[in-house]
Amino acid sequence: MSRKTASKKTYSAPKGIRLWPRTIVEAAKQAAPHLARYNFARKFVVGKNVCDVACGVGYGSSLLAKTALKVTAMDVSPEATEWGSKYFNAENLKFLVADAIEPWPMEDKFDVITSFETMEHLESPEAFLKNVYDHLSSSGTLLLSVPNGPRDERRTDNPHHLHHFTDTSLKDIIHKYFSQAEFLSQAYKKDFKHYGTKFLRKIKLLKKQPYFVNNYFLIPGLWEDLKTWVVIARK
């Protein structure tokens, strides 16, 4: 499918694998589209038991915890979960070091599992989806995102993506485990606020063009000209 185009220091892991914000405000400045996906997920987690897989430093997990009953935030990096425990902790949020494709160190069944920008990094996406299926309640919901595969594959600046999903291969792997699935794309609305900051950048009052969390929205379908695809799946 195609469509017409819809201060403080940044701490990064080697080669820019991770961002290390200390607050939600910093996260919004550094990773607006990623935070926007968590913002979208909030309506699904109200009063729910949630697992956020590959949570990174946990800014998204902390956003989910504002409406969820409880959130388990797991990541393979001890440094990331330690950072999350320090800067994004909450009473109903627990950080856990765990590998998404290995057996998960808990027996919980979750109402909602979120995992944004994860599968493309994993040696075995199927092992990850099998774990998700096993830990999702019978009426539970999975929300995940991946880069637009054909578009992502043309990038030369990110060697950390092991898989590039096409619309067909993404649908195939999801339907292998889940009978119901919606496939969407993340778009961005360029409003007065956007163009105002673009003007400030042009006259050199801003060093970088900011993008705003609330300007992102989801549209049905896997659009070939949009960067990020989103899946909402159920058993």
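So the values come out like this:
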read-out	value
Residue in segment 6-18 that is part of a loop (DSSP other than H, G, I, E, B), of a type outside the set (A, V, I, L, M, F, W, C) and modelled with pLDDT of 95 or more present	no
Flag for N92 being under 29 Å from I173 (Cα atoms), surrounded by fewer than 21 Cβ atoms within 10 Å (Cβ to Cβ) and among the polar types (S, T, N, Q)	no
Qualifying position, being of a type outside the set (G, A, S), out of contact with any Asp or Glu (no Cβ under 7 Å at 6 or more places or on another chain), loosely packed, with under 13 Cβ neighbours inside 10 Å and under 22 Å from S115 (Cβ atoms), among T168, T141	T168
Residue within segment 151-165 that is surrounded by fewer than 17 Cβ atoms within 10 Å (Cβ to Cβ), under 17 Å from the mean Cα position of the chain (by Cα) and outside any loop (DSSP other than H, G, I, E, B) present	no
Subset of segment 50-73 (residues that are buried (at least 19 other Cβ atoms within 10 Å of the Cβ), among the hydrophobic types (A, V, I, L, M, F, W, C) and either more than 19 Å from V132 (Cα to Cα) or more than 13 Å from the chain's Cα centre (by Cα) (or both))	V50, V57, L63, A65, A68, V71
Lone unmet requirement of (1) under 18 Å from Y216 (Cβ atoms); (2) modelled with pLDDT of 95 or more for K29	(2)
Residue within segment 190-204 that is outside any loop (DSSP other than H, G, I, E, B) and either at positive phi or crowded, with 17+ Cβ neighbours inside 10 Å (or both) present	yes
Residues that are among the aliphatic types (A, V, I, L, M) and outside any strand (DSSP E or B), drawn from segment 168-189	L170, I173, I174
Residue within segment 27-47 that is more than 23 Å from Y133 (Cβ to Cβ), assigned to a loop (DSSP other than H, G, I, E, B) and under 16 Å from the mean Cα position of the chain (by Cα) present	yes
Any hit, segment 215-228, residues being at pLDDT below 90, out of contact with any helix residue (DSSP H, G or I) (no Cβ under 7 Å at 6 or more places or on another chain) and among the small types (G, A, S)	no
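To keep it simple, each residue is scored yes or no on (1) more than 17 Å from the chain's Cα centre (by Cα); (2) farther than 18 Å from W229 by Cβ; (3) hydrophobic (A, V, I, L, M, F, W, C).
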| residue | (1), (2), (3) |
| --- | --- |
| V76 | no, yes, yes |
| K86 | yes, yes, no |
| F95 | no, yes, yes |
| E107 | yes, yes, no |
| D111 | yes, yes, no |
| T114 | no, no, no |
| T118 | no, no, no |
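The values are calculated or read from the model by the stated rules, or taken from the named source; none is laboratory data. It should be emphasised that the depicted structure is a prediction, and the values quoted were computed from it without experimental measurement. Glycine also receives a Cβ, built like all others from the backbone with ideal geometry; neighbour counts cover every protein chain displayed.
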